[in-house]
């Protein structure tokens, strides 16, 4: 799977189902040193009523996904992953914008996530979208004891980025 001159209009955003589980796992394994298991994703997709997953399709293939768990009026972004051939092409941004739209529609006021302290490209994206680092989780990642930066985003402040005219599809 290659991304030549990727045009954002060629990408479709979808509500992910387990129909895409094998592609999710492939992207997961390419993206993380401690990937989630297929069983974990199947549980989230089929058994967790507070979970929502957004996916980006290009040419009918999944090229990225993001998940959020609704916990009262807050959202916890569980994962954001983009196939390596499509990184740096705003796919992650599209996924997060879709997650924001889902959250606004479901009265989620703010969202949080953790990111490796060394993952500067992800941090740059999150900050551009309105997230702010509010703390550190020491030795959060078990594979190398790396710290995690804790990010929060108030969706009302991100509203001008989301745009009032964007509606979420389910």
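The table below gives the values:
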read-out: Residue that is nearest to residue 34 (Cα to Cα), among those in the range 107-121 that are in contact with a strand residue (DSSP E or B) (Cβ under 6 Å, 6 or more places away or on another chain) and surrounded by fewer than 19 Cβ atoms within 10 Å (Cβ to Cβ); value: 116
read-out: Output for the range 78-98, where each listed residue is under 17 Å from residue 31 (Cβ atoms) and part of a helix (DSSP H, G or I); value: 84, 85, 86, 91, 92, 93, 94, 95, 96
read-out: Qualifying position, being without any contact (Cβ under 8 Å) to a residue 40 or more places away in the chain and either over 24 Å from residue 103 (Cβ atoms) or surrounded by fewer than 21 Cβ atoms within 10 Å (Cβ to Cβ) (or both), among 13, 45, 30, 57; value: 45
read-out: Failed criterion for residue 75 (all others in (1) surrounded by fewer than 14 Cβ atoms within 10 Å (Cβ to Cβ); (2) assigned to a strand (DSSP E or B); (3) at pLDDT 95 or above hold); value: (1)
read-out: Contacts under 7 angstrom Cβ, first residue in the range 88-115 being on the phi > 0 side of the Ramachandran plot, partner in a helix (DSSP H, G or I) and surrounded by fewer than 16 Cβ atoms within 10 Å (Cβ to Cβ), 6 or more apart; value: 90/8
read-out: Residue within the range 137-155 that is modelled with pLDDT under 95, touching a helix residue (DSSP H, G or I) at 6+ places or on another chain (Cβ under 9 Å) and outside any strand (DSSP E or B) present; value: yes
read-out: So residue 51, is it in contact with a helix residue (DSSP H, G or I) (Cβ under 8 Å, 6 or more places away or on another chain) and surrounded by 19 or more Cβ atoms within 10 Å (Cβ to Cβ); value: no
read-out: Unmet requirement for residue 36, which otherwise passes all of (1) in a loop (DSSP other than H, G, I, E, B); (2) surrounded by 14 or more Cβ atoms within 10 Å (Cβ to Cβ); (3) at pLDDT below 95; value: (3)
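The values are calculated or read from the model by the stated rules, or taken from the named source; none is laboratory data. Keep in mind that this is a model prediction, so the values were computed, not measured. As a convention, Cβ positions derive from the backbone with ideal geometry for all residues, glycine included, and neighbour counts pool all protein chains shown.
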